[in-house]
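**Student:** What follows is a structure written as structure tokens; I'll ask about it next.
Just so it is clear, none of the values below were taken in a lab; they were calculated from the coordinates. Just so it is clear, the structure is predicted and the values come from calculations on it, not from any experiment. For neighbour counting, all protein chains shown are included, and Cβ atoms are generated from backbone atoms with ideal geometry for every residue, glycine included.
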Amino acid sequence: MSEQKTGTEQGRKIRVLVAKPGLDGHDRGAKVVARALRDAGMEVIYTGLRQTPEMIAEAALQEDVDVVGLSILSGAHMALAPRILELLKANGQEQVKVFIGGIIPDEDLPRLKKIGVAGIYGPGASTEDIIRQVRAAVTE
Amino acid sequence: MTLAEQLLSGNRLALTRLLTQVENDTPEGRAALTELFPHTGQAHLIGVTGAPGTGKSSLVNQLALHFRRQEERRVAIVAVDPSSPFTGGAVMGDRVRMRDLAGDPGVFIRSMASRGSLGGLAQTTAGLVQVFDAAGFDIILIETVGAGQAEVEIARLAHTTLVVEAPGLGDDIQAIKAGILEIADILVVNKADRPGVENTLKALRNALELAHPVRHVFQHHGRLEVVEGPDETVYNSWIPPILQTVATDGTGIQELADEIVRHAVHLRESGDWAARERSRLEAELDALLQQRLVSRFHDQVSQSRYEAVLDQIFQRELTPWEAVGRLLDGNLNP
């Protein structure tokens, strides 16, 4: 096999599902992050808008991803994120790391962290930070 | 229980993990393929190829819906998208067009990056297809990278190859170039509600007629004249039908699905199914032999020796042909 550049140190590509749960239709942030992760050598599966937690968990299973990135701008994160984590676990994918980007009030951060969200990013977060933390979370 | 055994008993987590192992060509993945091989050879493999933007993903979505609703077949989809040649990363968006299939346990969609492979598929696409085949999916839809003229590997893998065109993409010279049209078992003009569809249909019909000359009987100076095609066997062979679809609203999907089934029947009755299966296995065997020989070569010839010979070629002291002779001399013995 030829040696090709890989997304991980062990040679396995990092696979990321980028999904937009809920009803808001603004997906520019999700696309910017998807592209940044691609440029970092990762394989990104983009699901499009208005995904239910069930659809996201099912896609994560079918694609055997390492990471799920959720873009939530609707304010419904406290309903959506726990449900998605629960479904991932029910499918046997408790090792999948979940990241959230969007408008998340500070007072919600501790609870989201507590239920197992690996990283939370608001407006102005740098894609370098996201890439570094995604890599670290997967290889830990 | 091995992952392969779990997969055979219907475990979806085992299926998805095995797909990853096979995609990454790990020792576990290879062992599983060996274990699963006796369970393969059942599914109908349908390839979907065509230029970017012709609507391949939407068409695959509609076909999968159709095979689920009308025929209750279990459907797997392998969607291949390009990897960046610079970073190795990929963004795969085929699922965006396949959201109608969400929530149906009889459908399994797997996105796959091409990882530097140039034929429109990834190196391990055939392996993934085998895993789905062993897992009992009746129909496996394989969507290639948006393909132009040379990405014809899909025809080697699939039993039935759909080439998807759309109005306004090229003139009739594009249609008679070698390559992608020659591999079509069924030609689909998608987006058939768009202007220019007549031109596309005409160009494809003309191209097909050149490829499959038919027997013409016509009046000439008051007598019936018969002009034969070049070969009698042509009459018994499959002539690719041209179908029109609008994948966004489902127009023409029933007809397309009927043609796909008709093609499968044709393959079985004509003996072509077995012939294709055999040539596919031959291609697979050849590819494995090549891989194994190359890796044996690298095991036996040190990198420094290889570099030294490369230097000699670079200095024009040795031709590439002589170099091959020198590098292989005494090597590659089992």
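**Student:** Quick check: net charge around A:ALA57, other residues with Cβ under 10 Å of its Cβ, Lys/Arg +1 and Asp/Glu -1? Present the calculation step by step, with values, prior to reporting the outcome.
**Tutor:** Details: positive: A:ARG83, A:LYS89; negative: A:GLU54, A:GLU58, A:GLU86.
Summing Lys and Arg as +1 and Asp and Glu as -1 gives -1.
**Student:** Also, quick follow-up: Report the charge-dipole magnitude of chain B in Debye, nearest 20, computed about the Cα centre from +1 at each Lys and Arg Cβ and -1 at each Asp and Glu Cβ.
**Tutor:** Working: 31 positive and 44 negative charges, 119 e Å.
Roughly 580 debye for chain B.
**Student:** Positive end of the dipole of chain B, charges at C-beta (+1 Lys, Arg; -1 Asp, Glu), about the Cα centre: which of B:PHE37, B:LEU318, B:THR161 has its Cα farthest in that direction?
**Tutor:** Working it through, the farthest residue towards the positive pole turns out to be B:PHE37.
**Student:** Name the residues whose placed amide hydrogens come within less than 5 Å of the amide hydrogen of A:GLY69, ignoring near sequence neighbours (fewer than 5 apart) on the same chain.
**Tutor:** HN-HN under 5 Å from A:GLY69: A:LEU17, A:VAL18, A:ALA19, A:PHE99.
**Student:** Working from Cα positions, state the angle (0 to 90°, nearest 10) between the long axis of helix B:27-36 and the longest principal axis of chain B.
**Tutor:** So the helix axis and the longest Cα principal axis differ by about 50 degrees.
**Student:** Sticking with this one: Taking neighbour counts of Cβ atoms within 10 Å as a proxy for exposure, in what order, fewest first, do B:LYS56, A:LYS97, A:LYS113 appear? Mind showing how you got there, number by number?
**Tutor:** Working: B:LYS56 29, A:LYS97 22, A:LYS113 12.
Lowest count first: A:LYS113, A:LYS97, B:LYS56.
**Student:** Can I ask one more? Report the relative contact order of chain B, percent, no decimals, based on alpha-carbon pairs under 8 angstrom and at least 6 residues apart.
**Tutor:** On the way: 519 pairs, mean separation 54.8, N = 334.
Computed value for chain B: 16 percent relative contact order.
**Student:** Positive end of the charge dipole of the protein assembly as shown (Lys, Arg +1 and Asp, Glu -1 on Cβ, about the Cα centre): tell me which of B:LEU121, A:LEU88, B:ILE77 has its Cα farthest that way.
**Tutor:** A:LEU88
**Student:** A further question on this structure: Sorted from fewest to most neighbouring beta carbons within 10 Å, what does the list B:PHE137, B:PHE86 look like? It would help to have the intermediate numbers written out before the result.
**Tutor:** Values: B:PHE137 23, B:PHE86 9.
The fewest-first ordering by Cβ neighbours comes to B:PHE86, B:PHE137.
**Student:** Please grab the % of Cα pairs in the stretch B:273-334 that end up more than 14 Å from each other. Don't skip to the answer; put the middle values down first.
**Tutor:** On the way: 1252 of 1891 pairs.
Above the 14 Å cut-off, the stretch B:273-334 has 66 percent of its Cα pairs.
**Student:** Between helix A:77-90 and chain A, what is the angle of the helix's C-alpha long axis to the longest principal axis, kept within 0 to 90° and rounded to the nearest 10?
**Tutor:** Helix A:77-90 sits roughly 50 degrees off the main axis of chain A.
**Student:** Using a simple spin-label model with points 7 Å from Cα along the Cα→Cβ vector, what separation in nm is obtained for A:ASP129 and B:GLU282?
**Tutor:** In this crude spin-label approximation the distance works out to 6.0 nm.
**Student:** If you project the alpha carbons of the stretch B:4-148 onto the principal axes, what extent comes out on each, in Å, largest first?
**Tutor:** Over the stretch B:4-148, Cα extents along the principal axes are 39, 39, 24 Å.
**Student:** Listing B:ASP299, B:ASP104 from the residue with the fewest other Cβ atoms within 10 Å to the one with the most, what is the order? Mind showing how you got there, number by number?
**Tutor:** Working: B:ASP299 10, B:ASP104 15.
Fewest-to-most Cβ neighbours within 10 Å comes out as B:ASP299, B:ASP104.
**Student:** Considering only Cα-Cα distances, which of the following residue pairs are longer than 27 Å: A:LYS20/A:LYS97; A:LYS13/A:LYS89; A:LYS89/B:LYS56?
**Tutor:** Working: A:LYS20/A:LYS97 16 Å; A:LYS13/A:LYS89 22 Å; A:LYS89/B:LYS56 33 Å.
As for pairs spanning more than 27 Å Cα to Cα, those are A:LYS89/B:LYS56.
**Student:** So how much slack lies between B:THR87 and B:ARG69, counting 0.36 nm per residue of separation and subtracting their Cα-Cα distance, in nm?
**Tutor:** On the way: separation 18, 0.36 × 18 = 6.48 nm, distance 4.06 nm.
Separation in residues times 0.36 nm, less the Cα-Cα distance, equals 2.4 nm.
**Student:** OK, next. Quick one: what does P(r) look like for the protein assembly as shown with 10 Å bins over all Cα pairs, in whole %?
**Tutor:** 4, 18, 26, 24, 17, 9, 3, 1, 0, 0
**Student:** So how far apart, in nm, are the two label points at B:ALA275 and B:ARG205 if each is 7 Å from Cα heading toward Cβ?
**Tutor:** 2.8
**Student:** Just name one of A:VAL16, A:ALA34, A:GLY116: the one whose Cα is farthest towards the positive end of the charge dipole of the stretch A:15-139 (beta-carbon charges, Lys/Arg +1, Asp/Glu -1).
**Tutor:** Of the listed residues, the answer is A:ALA34.
**Student:** Could you calculate the FRET efficiency of B:ARG99 with B:TYR306 from 1/(1 + (r/R0)^6), where r is the beta carbon distance between them and R0 is 45 Å, rounded to 0.05?
**Tutor:** Working: r = 50 Å, r/R0 = 1.11.
The pair B:ARG99/B:TYR306 has a calculated efficiency of 0.35.
**Student:** Between rounded, prolate and oblate, where does the stretch A:23-140 land on the alpha carbon gyration tensor, with a ≥ b ≥ c its root eigenvalues, rounded for a/c under 1.5, else prolate if a/b exceeds b/c?
**Tutor:** Values: a/c = 1.18, a/b = 1.03, b/c = 1.15.
It comes out rounded by the Cα gyration axes.
**Student:** Continuing with this model, one more query. For the pair B:HIS298 and B:ARG30, how long in nm is the line joining their label points, each one 7 Å along Cα→Cβ?
**Tutor:** 1.2
**Student:** Please check which bits of the stretch A:111-140 a label hung off A:VAL32 would reach, taking the label as a point 7 Å along Cα-to-C-beta and the cut-off as backbone N under 17 Å.
**Tutor:** Only A:120-132 pass the distance filter.
**Student:** Another question, if that's okay. Taking θ = phi - 60°, what integer Hz values does the Karplus form 6.51 cos²θ - 1.76 cosθ + 1.60 yield along the stretch B:268-280, in sequence order, with x for Gly and Pro?
**Tutor:** Listing the rounded values in order: 5, 6, 8, x, 5, 4, 5, 5, 5, 4, 5, 6, 5 Hz.
**Student:** Could you work out the Kirkwood radius for chain B, taking every pair of different alpha carbons, averaging 1/r and inverting it, reported in Å?
**Tutor:** On the way: mean 1/r = 0.0449 Å⁻¹.
Averaging 1/r across every pair of different Cα atoms and inverting gives 22.3 Å.
**Student:** Further, regarding this structure: Compute the angle between helix A:53-63 and the longest alpha-carbon principal axis of chain A, please, reported from 0 to 90 degrees and rounded to the nearest 10.
**Tutor:** So the helix axis and the longest Cα principal axis differ by about 10 degrees.
**Student:** Still on this structure, I have one more. Quick one: net charge around B:ALA323, please, counting Lys, Arg +1 and Asp, Glu -1 for every other residue with C-beta under 12 Å from its C-beta. Intermediate results must be reported in sequence, preceding the final value.
**Tutor:** Numbers: positive: B:ARG305, B:ARG316, B:ARG326; negative: B:GLU307, B:ASP311, B:GLU317, B:GLU322, B:ASP329.
Combined, the nearby Lys, Arg, Asp and Glu give -2.
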